[in-house]
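A short reminder: the numbers here are calculations on the coordinates, not readings from a lab. Bear in mind the structure is a predicted one, so any value in this text is a computation, not a measurement. Using ideal geometry, Cβ is built from the backbone for each residue, glycine included, and neighbour counts are taken over all protein chains shown.
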Amino acid sequence: MSALLADTTGPDLSLLRAINGLAKSAPVWLDSLVSWIGEYGILIGLAALCATGWLQARRHPNAPVAIAGMLWVPLSVAICEVANIPISAIVNRPRPFVDHPDLDVLVQGKEGTLSFVSDHSAMSMGVAVALFLVNKRLGMIAGVLALLQGFCRMFMGVHYPTDVIGGYALATAVVLLLAPIAMAVLVPLCHSLTRTRLAPLLVAPQSGDRGAGQGGGGSSRRRATEGRRRGRGSRSEEQARDSDLAA
């Protein structure tokens with residue numbers, strides 16, 4: 001694998017030059033915009049999607065399981081980054097502009113860093129795949145951003161196409177292979193946290209809870225009883241949701 005990636009010619013370089021060539025012909029303002037998006041903007045957008053997913057997970061019928069899935073998003077990204085450290089050292093692939101100075105490099109300070117795999121691509125795809133397991137709509141939006149991230153990294157001249165693909169593959173493997181183990185730990189943890197002062201972070205307060213302290217003692221007890229009955233009645237549905245979230 002290392003010997004294969006050491007060959008920085010052929011289709012890998014051709015595709016990089018085709019995409020990076022767009023930067024050479026683009027106006028300066030567009031190069032600056034794409035550079036900011038590829039370096040910071042997409043990561044900020046993914047963080048906003050995660051925050052949105054967290055708020056929606058708190059309102060999920062089985063909020064502890066949904067929150068456990070949301071916790072797996074940053075944890076899986078962290079594992080991807082740790083796993084990439086030995087991979088980058090083994091492959092030891094320089095940035096593309098080191099061997100090919102004709103490329104148009106849009107960001108500085110990358111000279112002493114390694115190219116394979118693309119950290120930005122791995123982080124973006126890790127968020128997309130992990131988020132998709134919890135919230136398909138947000139996960140698909142994150143997936144589009146992850147694809148855009150890979151394009152931007154090549155447009156900027158800092159990664160080969162195989163660096164980007166390698167980042168996608170690493171992130172997908174980590175998220176999907178370790179998700180069952182992670183959920184087996186995180187789901188009981190989140191259920192336990194709902195019985196602590198951290199509960200508001202995991203479960204959104206219901207409208208009935210807000211009026212409980214305003215003289216509605218009997219009605220609040222009735223609502224609690226009805227809620228427990230509904231909970232028992234829909235246990236099979238919740239189990240189905242659990243299996244979907246923990247898949």
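Key figures for this structure:
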read-out	value
Where labels lie 7 Å past Cα in the beta-carbon direction, separation of residue 78 and residue 30 in nm	4.1
The stretch 56-91 and the stretch 103-162: distance between their alpha carbon centers, rounded to Å	16
Residue order, fewest to most beta carbons within 10 Å, for 29, 54, 72, 36	29, 36, 54, 72
Segment residue 136-residue 192, extension gain: residue separation times 0.36 nm, minus the distance between their alpha carbons	17.6 nm
Label-to-label distance, nm, for residues given as residue 144 and residue 111 (7 Å Cα→Cβ offset)	3.9
Fewest-first sequence of 40, 160 by Cβ atoms within 10 Å of each Cβ	40, 160
Footprinting exposure proxy for 59, 197, 93, 153 (fewest neighbouring C-beta atoms within 10 Å first)	197, 59, 93, 153
Computed label-point distance, nm, for sites residue 14 and residue 99 using a 7 Å Cα→Cβ extension	1.6
Average projected area [Cα convex hull, the stretch 94-168], square nanometres	4.6
